[in-house]
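The values are calculated or read from the model by the stated rules, or taken from the named source; none is laboratory data. Keep in mind it's a predicted model, so treat the numbers as computed, not measured. Every residue, glycine among them, receives a Cβ derived from its backbone with ideal geometry; neighbour counts consider all protein chains shown. When the accessible area is computed, the model is the full protein with side chains, heavy atoms only, and any ligands, DNA or RNA have been set aside. Shrake-Rupley method; radii C 1.70, N 1.55, O 1.52, S 1.80 Å.
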Amino acid sequence: MMVSASVDALILAGGLGTRMKSATPKVLHGILGHPMLWYVVQALSNISVHPIVVTPAQNDAFRAEFGDALTYVVQPEQHGSGHAVQCGMEAVTAEYVLIANGDNPFATEDDYRQLLEQGLANGADAAVLAARLDSPGQLGRILRKDGGAFVGVVEARDARPEQLDIQEVNTGIYLFRSTDLREWLTRLRPENAQGEYYITDCLSMAIREGKKVHCFTARSPWQMAGVNDRGELAAASDILQKRKFESLYRDGVTIDLPSTVRIDWDVTIGRDTEVRQGSCLKGSTSVGSLCVIGPNATLVNARVGDGATVVSSHVEDSVIGANSVVGPFSFLRPGTVMAEHSKVGAFCEIKASSLGAGSKVPHLSYIGDASIAENVNIGAGSITCNYDGFSHAKHRTVIEKNVFIGANNNLVAPVTVHEGAYTATGSTITHDVPADALAIARAVQVDKEGWVRRKKNGQ
Ligand code: UD1
Ligand code: CA
């Protein structure tokens, strides 16, 4: 069914989240690369309702994260979820308001759509979404008359012992007709264990007035309904991580030992790629198909082409071309761009440098601020000397195509090695090398005949 009524969404995020013991507002704590609140905003945006968020007075961090995507309303002091709604209603203009807790990243767009569609289809004046949980903990319990008609929500702290056995909980997701809600809000009283204004009291008020109030049980399975402390934050990450893995499996990705792997929400991975144990793919990372990532690879905002391999390496803000190889044990720092069929082998550090197709930095090198063209081989232990100890800007090294840099070279930048040139092992290259030349820049070997024998004889 299409949603035809006008609906605004109100996200409650004005609480201080004291149980997190943090300087960061609770709903801005990260889960798989996004603040918790982002998942709520995303789900609501996907069903095309405009999100209005209730924040504490200090909301710079919210604005920095979400910019103009949200309408912000401040709740100057924290007097409970009902008070947060009172504050938020000043920005609501639609006929209906869908209310969600900002500390609930689990609800999917299907859950919101379910409440909206069932609520409107049944002509409800108010509706609440419930879920069955194995361990309902401190959540509000759903009260039903003789197990049937919904009669209200009782907070765990206000509940009688036998009510705590109820496993059906309030998810903190509600639908109200705006005009009715405004009226009920004026009548809320903080008469409960926490001395707070509870939004849930509006539901029982509505029932007492003979309004149609429905409680729908979520069709999708729920394991948690909110994040209140660091333990629940970790559990939330696990739940969303599982969802992410399941979508990757459906796309044809293999994950070896998933309990050791972390993959952020926005990461994309192509078919037949294998992510091996101990790997961590973060931020906006994208990986092509037929790749092998890991074991123990960390990719942060990396772009990896088809058929590439990254083993036991750390890669940040870099591009790895198709069929290229990285590792084991290398560090690609921001601005590294490897073309196809290139290689950065063991124990190398590369920064702000490009490596052309088929080029190789196989062993123990530092390459910084260099442009390396195609089919170049950098000998073991060679480094670019890009920093003169004074100037802020680093000096560049340019290596043209088909160059062979011998082992253990120092390339003192700024310097260019022109096309097809060779440099001898152990050279310290301080000026440009002409095309096709052999540059030798090392001390000439001297053999002192009989020196050892004389030394041992004390001469
Ligand atoms: C609330 C519900 C509970 C439900 C649970 C689901 C009430 C009274 N109880 O409990 O029935 O099972 O959520 O997770 O609503 N907030 C404000 N301003 C405030 C206080 C809270 O904006 O003054 C916001 C919080 O930022 C949070 C949400 O409201 O996002 C819920 O508040 P919280 O204190 O976490 O409520 P719970 O005790 O978890
Ligand atoms: Ca909560």
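Answer with yes or no whether Ile199 is of a type in the set (A, V, I, L, M, F, W, C), within 16 Å of ligand 2 (Cβ to nearest atom) and over 16 Å from Gly137 (Cβ atoms). Write out each step before concluding.
On the way: of a type in the set (A, V, I, L, M, F, W, C): yes; within 16 Å of ligand 2 (Cβ to nearest atom): yes; over 16 Å from Gly137 (Cβ atoms): yes.
Yes; evaluated as a whole, the condition is true for this residue.
Considering each residue of region 168-175 in turn, at least one proves to be over 18 Å from Ile11 (Cβ atoms), more than 16 Å from ligand 2 (Cβ to nearest atom) and modelled with pLDDT of 95 or more.
Of all residues in region 408-436, those satisfying the criterion of being part of a loop (DSSP other than H, G, I, E, B) and under 18 Å from Leu355 (Cα atoms) are Asn409, Ala413, Pro414, His418, Glu419, Gly420, Ala421.
All conditions but one from (1) open to solvent by 20 Å² or more (accessible area, probe 1.4 Å); (2) away from ligand 1 (no atom under 15 Å from the Cβ); (3) touching a Lys or Arg at 6+ places or on another chain (Cβ under 6 Å) apply to Val151; the one that does not is (2). What tally of residues in region 220-268 results from selecting those that are more than 16 Å from ligand 1 (Cβ to nearest atom), in a loop (DSSP other than H, G, I, E, B) and open to solvent by less than 20 Å² (accessible area, probe 1.4 Å)? Residues flagged as more than 16 Å from ligand 1 (Cβ to nearest atom), in a loop (DSSP other than H, G, I, E, B) and open to solvent by less than 20 Å² (accessible area, probe 1.4 Å) within region 220-268 amount to 4. The residue pairs whose first member lies in region 272-284 and is farther than 8 Å from Val261 by Cβ, whose second member is among the aliphatic types (A, V, I, L, M) and open to solvent by 60 Å² or more (accessible area, probe 1.4 Å), and whose beta carbons are closer than 6 Å, counting only pairs six or more residues apart or on different chains, are Asp272/Leu290. Whenever a residue of region 155-183 is at positive phi and open to solvent by less than 60 Å² (accessible area, probe 1.4 Å), its partners that are acidic (Asp, Glu) and within 16 Å of ligand 2 (Cβ to nearest atom), lying with C-beta atoms within less than 9 angstrom and at least six residues away or across chains, give the pairs Gly172/Asp103.
If you check Val49 against the conditions, is it more than 16 Å from ligand 2 (Cβ to nearest atom), modelled with pLDDT under 95 and in contact with a Leu (Cβ under 8 Å, 6 or more places away or on another chain)? Can you show your working first?
Values: more than 16 Å from ligand 2 (Cβ to nearest atom): yes; modelled with pLDDT under 95: yes; in contact with a Leu (Cβ under 8 Å, 6 or more places away or on another chain): yes.
Yes.
Look at region 355-372: where a residue is on the phi < 0 side of the Ramachandran plot and a partner is at pLDDT below 95, sitting 6+ places away or on another chain with Cβ atoms under 7 Å, you get Gly368/Lys394. Note on region 137-148: among residues that are open to solvent by 60 Å² or more (accessible area, probe 1.4 Å) and in contact (Cβ under 8 Å) with a residue 24 or more places away in the chain, the one that is farthest from ligand 1 (Cβ to nearest atom) is Arg144.
Of all residue pairs spaced 6 or more apart or on separate chains, those with beta-carbon atoms under 9 Å, a first member in region 68-80 that is on the phi > 0 side of the Ramachandran plot and a second member that is open to solvent by 60 Å² or more (accessible area, probe 1.4 Å) are Gly80/Gln194; Gly80/Tyr197.
Taking the criterion of being of a type in the set (D, E, K, R) and on the phi < 0 side of the Ramachandran plot, the residues of region 282-325 that qualify are Lys282, Arg303, Asp306, Glu316.
One residue is enough: does region 206-215 have a residue meeting the conditions farther than 20 Å from Val27 by Cα, in a helix (DSSP H, G or I), within 16 Å of ligand 1 (Cβ to nearest atom) and open to solvent by less than 20 Å² (accessible area, probe 1.4 Å)? Checked against the condition, which is being farther than 20 Å from Val27 by Cα, in a helix (DSSP H, G or I), within 16 Å of ligand 1 (Cβ to nearest atom) and open to solvent by less than 20 Å² (accessible area, probe 1.4 Å), region 206-215 yields at least one hit. Would it be correct to say that Val128 is aliphatic (A, V, I, L, M), modelled with pLDDT of 95 or more, within 16 Å of ligand 2 (Cβ to nearest atom) and crowded, with 22+ Cβ neighbours inside 10 Å? Yes, satisfied. Where strands (runs of 3 or more DSSP E) sit wholly within region 1-110, those with at least 1 residues that are in contact with a Ser or Thr (Cβ under 8 Å, 6 or more places away or on another chain) and acidic (Asp, Glu) occupy 7-12.
Annotation: Asp134 fulfils all but one of (1) over 28 Å from Ala5 (Cβ atoms); (2) touching a residue at least 40 places away in the same chain (Cβ under 8 Å); (3) within 16 Å of ligand 2 (Cβ to nearest atom); the unmet one is (3).
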